[in-house]
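Q: After the structure tokens below, expect a handful of questions from me.
The values are calculated or read from the model by the stated rules, or taken from the named source; none is laboratory data. Everything quoted here is computed from the prediction, not taken from an experiment. Here the Cβ is made from the backbone with ideal geometry for all residues, glycine too, and neighbour counts use every protein chain on show.
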């Protein structure tokens with residue numbers, strides 16, 4: 001008869017036990033603390049990664065953390081705009097959002113992505129998640145923005161920045177034991193009745209600051225920040241806010257909003273921020289509960 005002590009299974013079990021023990025300091029540190037997670041990239045369009053993400057959120061809540069999810073929906077929005085025959089144009093890294101397009105954006109963010117994600121989380125733990133629009137109960141207030149392209153100001157239509165956050169509705173869900181799933185859309189403070197498409201990275205940072213979150217985690221499609229891209233050996237595991245501030249102008253355009261969000265969060269009082277590879281299942285758990293982490297962490301200067 002083979003027992004656990006006589007087989008390779010014991011070594012595997014011991015490794016699992018060591019991993020659980022390693023997580024103990026982090027469980028103590030993050031218990032009852034808010035962690036804001038920006039959900040995006042390939043994780044949003046892969047059913048397997050969506051499920052892994054939902055499981056991670058339930059795990060975080062179960063062990064005593066208070067996760068808050070903020071999501072965008074670029075690929076899904078583009079697909080729906082194509083379906084309706086609405087042109088999708090990007091200028092300076094932003095989607096030009098017409099009056100016709102903003103209705104599609106609102107529908108996709110609130111009616112599709114939020115519902116799907118809340119459904120996955122609630123399937124794993126019934127009643128544990130709730131959808132929240134950035135337009136709900138004054139959560140976000142936005143103001144239109146343009147962008148400079150080749151030295152000229154470009155009108156982006158219904159695109160804006162978050163200029164005010166009232167986190168009351170998010171706190172209410174957290175106090176009720178629910179995981180808020182927040183869509184990145186905001187009412188236009190200067191044009192009542194109109195909505196703005198807001199960059200989800202920036203929205204997550206603004207919300208993390210308002211919630212006084214312990215950490216902001218941004219899921220992306222790369223392993224982290226590279227100081228000398230495309231040199232794969234230049235991956236940065238940790239960087240101070242002052243170091244990142246000096247590096248941002250030299251980054252690739254796609255990384256600038258993500259790293260700026262991390263920088264803004266830390267500058268605004270969030271203790272730490274990180275970008276991690278959302279293509280890897282359960283990367284969030286590795287980032288939070290292991291010493292080495294799983295991406296690039298931004299810490300105060």
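Q: Return the only residue of 72, 92, 85, 40 being closer than 30 Å to residue 155 by Cα and modelled with pLDDT under 80. Give the derivation first.
A: Working: 72 fails: modelled with pLDDT under 80; 85 fails: modelled with pLDDT under 80; 40 fails: modelled with pLDDT under 80.
None of the other options fit; the residue is 92.
Q: Something else about it: How many residues are part of a strand (DSSP E or B), within 18 Å of residue 264 (Cβ to Cβ) and in contact with a helix residue (DSSP H, G or I) (Cβ under 8 Å, 6 or more places away or on another chain) if we restrict to the range 212-244?
A: Total satisfying the criteria: 8.
Q: Among the numbered criteria (1) over 21 Å from the mean Cα position of the chain (by Cα); (2) within 22 Å of residue 67 (Cα to Cα), which one does residue 170 miss?
A: (1)
Q: Further, regarding this structure: Which condition number in (1) at pLDDT below 95; (2) out of contact with any strand residue (DSSP E or B) (no Cβ under 7 Å at 6 or more places or on another chain) is the one that residue 149 fails?
A: (2)
Q: Which of the residues belonging to the range 249-294 are on the phi > 0 side of the Ramachandran plot, within 17 Å of the chain's Cα centre (by Cα) and at pLDDT 90 or above? I'd like the intermediate steps shown before the answer.
A: To start, the set of residues in the range 249-294 that are on the phi > 0 side of the Ramachandran plot comprises 269, 282, 293.
Those left that are additionally within 17 Å of the chain's Cα centre (by Cα): 282, 293.
The one that is on the phi > 0 side of the Ramachandran plot, within 17 Å of the chain's Cα centre (by Cα) and at pLDDT 90 or above: 282.
Q: Collect the residues in the range 246-286 that are surrounded by 23 or more Cβ atoms within 10 Å (Cβ to Cβ) and assigned to a helix (DSSP H, G or I), keeping them in residue-number order.
A: Across the range 246-286, the qualifying residues are 258, 259, 261, 262, 265, 266, 283, 284.
Q: Follow-up question, since we're still on this one. Considering each residue of the range 114-132, count those that are assigned to a helix (DSSP H, G or I) and touching a helix residue (DSSP H, G or I) at 6+ places or on another chain (Cβ under 6 Å), and give that number.
A: From the range 114-132, those assigned to a helix (DSSP H, G or I) are 114-124; that's our starting set.
Remaining after also requiring touching a helix residue (DSSP H, G or I) at 6+ places or on another chain (Cβ under 6 Å): 120-121, 124.
Of the residues in that region, 3 qualify.
Q: Does any residue of the range 114-121 turn out to be touching a strand residue (DSSP E or B) at 6+ places or on another chain (Cβ under 8 Å) and within 21 Å of residue 257 (Cα to Cα)? Can you show your working first?
A: Filtering the range 114-121 for residues touching a strand residue (DSSP E or B) at 6+ places or on another chain (Cβ under 8 Å) gives 114-115, 117-118, 121.
Narrowing further to those that are within 21 Å of residue 257 (Cα to Cα): none.
No, the range 114-121 contains no residue that is touching a strand residue (DSSP E or B) at 6+ places or on another chain (Cβ under 8 Å) and within 21 Å of residue 257 (Cα to Cα).
Q: For the range 92-111, give me each residue that is within 27 Å of residue 255 (Cβ to Cβ) and surrounded by fewer than 16 Cβ atoms within 10 Å (Cβ to Cβ).
A: 92, 93
Q: Examine the range 25-35 for a residue that is within 14 Å of the chain's Cα centre (by Cα) and modelled with pLDDT of 95 or more, and state whether such a residue exists. Reasoning before the result, please.
A: Going residue by residue through the range 25-35, those that are within 14 Å of the chain's Cα centre (by Cα) are 34-35.
With modelled with pLDDT of 95 or more added as a condition, the list becomes 34-35.
Within the range 25-35, one or more residues are within 14 Å of the chain's Cα centre (by Cα) and modelled with pLDDT of 95 or more.
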